[in-house]
Amino acid sequence: MSTPQNDRPTPGARPIAVVTGASSGIGAATARALAASGYDVVCAARRADRVQDLAAEIGGRAIACDITVDADVSVLVGAVGPRLDLLVNNAGGAVGMEPVREADLDAWTTMFATNVIGTGRVTKALLPALVEGRGTIVVVTSTAADAPYEGGAGYCGAKAAERSIVGAMRLELVDQPVRVCEVAPGMVHTEEFSLTRFHGDQQRAEAVYSGVAEPLVADDIAECIAWIASRPAHVNIDRLVVRPRAQAANHKVFRG
Ligand code: 8X3
């Protein structure tokens with residue numbers, strides 16, 4: 001039987017990080033950045049083949065995990081073990097951009113199931129390991145949480161709700177050795193975010209970034225997450241808002 005003493009990390013062992021939504025975009029870039037920083041990265045995503053390739057590339061571990069499914073999250077918890085140093089809740093995204101009068105409520109359900117309840121499910125399940133590991137929680141929200149925009153009712157609402165999880169947890173865990181941090185990216189040009197939002201319509205997806213000389217890329221956000229995690233344990237980065245220079249506000253984008 002294991003004793004608490006046996007549960008201490010082996011000296012020199014790599015810290016463990018879990019990244020959800022690690023199959024592409026910010027999640028995959030974050031997994032790479034954390035591996036480069038010395039983490040044993042558990043790459044979690046629905047698409048097993050993608051996370052297997054990524055894990056092989058970075059010397060991490062792959063877990064096929066749909067964060068909307070309890071059983072999948074239980075498998076993730078089992079793979080992590082008793083201690084966790086860092087959880088990056090990145091899985092989620094936008095589906096659709098219709099005004100409310102034309103809203104696809106199934107898409108809203110999907111967005112809330114992933115961004116909000118999925119983040120809640122994973123975090124709740126891994127919290128004991130995070131407390132044991134004196135860990136850090138990073139939630140990737142969005143500047144969409146700052147203010148609604150036309151066509152964004154479902155997504156902005158989901159991201160605002162996800163932000164509320166961060167705020168509530170920071171209050172709840174103030175007497176625990178766990179940091180609770182948020183990264184709120186603005187315009188990030190990834191291969192899938194806008195393509196998913198516009199149901200595979202490449203033209204509409206590319207139009208989002210049209211004329212913007214340098215939108216952010218996934219690596220920009222990954223570096224921020226690695227920086228947040230690498231601060232001394234007493235330093236909690238509550239929220240980091242990151243936009244490209246050409247985006248002064250959600251609606252104020254310079255297109256040259
Ligand atoms: C992505 C940023 O402006 O498309 O979360 O909502 S935005």
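Remarks
- Neighbourhood charge, 15 Å Cβ-Cβ cut-off, centred on residue 56 and excluding it, Lys, Arg +1 and Asp, Glu -1: 0
- Gain on full stretching of the segment that runs from residue 68 to residue 245 - 0.36 nm per residue minus C-alpha separation: 60.2 nm
- The stretch 150-256, accessible area per residue, ligands and nucleic acids excluded (1.4 Å, Å²): 52 Å²
- Cα-based Rg and Dmax for the stretch 62-107, where Dmax is the largest Cα-Cα distance (Å): 15.7, 47
- Efficiency of FRET between residue 13 and residue 101 - r from beta-carbon atoms, R0 41 angstrom, step 0.05: 0.15
- Positive end of the dipole of the stretch 96-217 (Cβ unit charges, origin at the Cα centre): among 125, 212, 185, the Cα lying farthest that way belongs to 125.
- If you sort 204, 231 by accessible surface, 1.4 Å probe, largest first, the order is 204, 231.
- At the residue level, residue 193 shows approximately 70 square angstrom of accessible surface with a 1.4 angstrom probe and all protein chains present.
- Ordered from longest to shortest, the equivalent ellipsoid semi-axes for the stretch 107-256 are 29, 18, 13 Å, each the square root of 5 times a Cα gyration tensor eigenvalue.
- Accessible surface of residue 252 - all protein chains present, 1.4 Å probe, nearest 10 Å²: 140 Å²
- The stretch 168-196 versus the stretch 108-135: alpha-carbon centroid distance in Å: 11 Å
- Within the shell of other residues whose beta carbon sits under 15 angstrom from the beta carbon of residue 108, the net charge comes to -2, with Lys and Arg scored +1 and Asp and Glu -1.
- Between 174, 188, 139, the Gaussian network model of the chain with springs among Cα atoms under 10 angstrom shows the greatest mean-square fluctuation at 174.
- Over the chain - Rg/Rh using Cα atoms and the Kirkwood inverse-distance radius: 0.97
- Sum of side-chain charges, residue 121 neighbourhood, beta-carbon under 11 Å (Lys, Arg +1; Asp, Glu -1): -2
- A crude spin-label estimate for the pair residue 236 and residue 199, with each label 7 Å from Cα along the Cβ direction, gives 4.2 nm.
- Accessible carbon and sulfur surface of the stretch 166-251 relative to its total accessible area, %, 1.4 Å: 53 percent
The values are calculated or read from the model by the stated rules, or taken from the named source; none is laboratory data. Quantities reported herein were computed from a predicted structural model and do not represent experimental measurements. Neighbour counts are summed over all protein chains in view; Cβ atoms, including those assigned to glycine, are modelled from backbone coordinates with ideal geometry. Please note that ligands, DNA and RNA were not included when accessible areas were found on the heavy atoms of the full protein model with its side chains. Shrake-Rupley method; radii C 1.70, N 1.55, O 1.52, S 1.80 Å.
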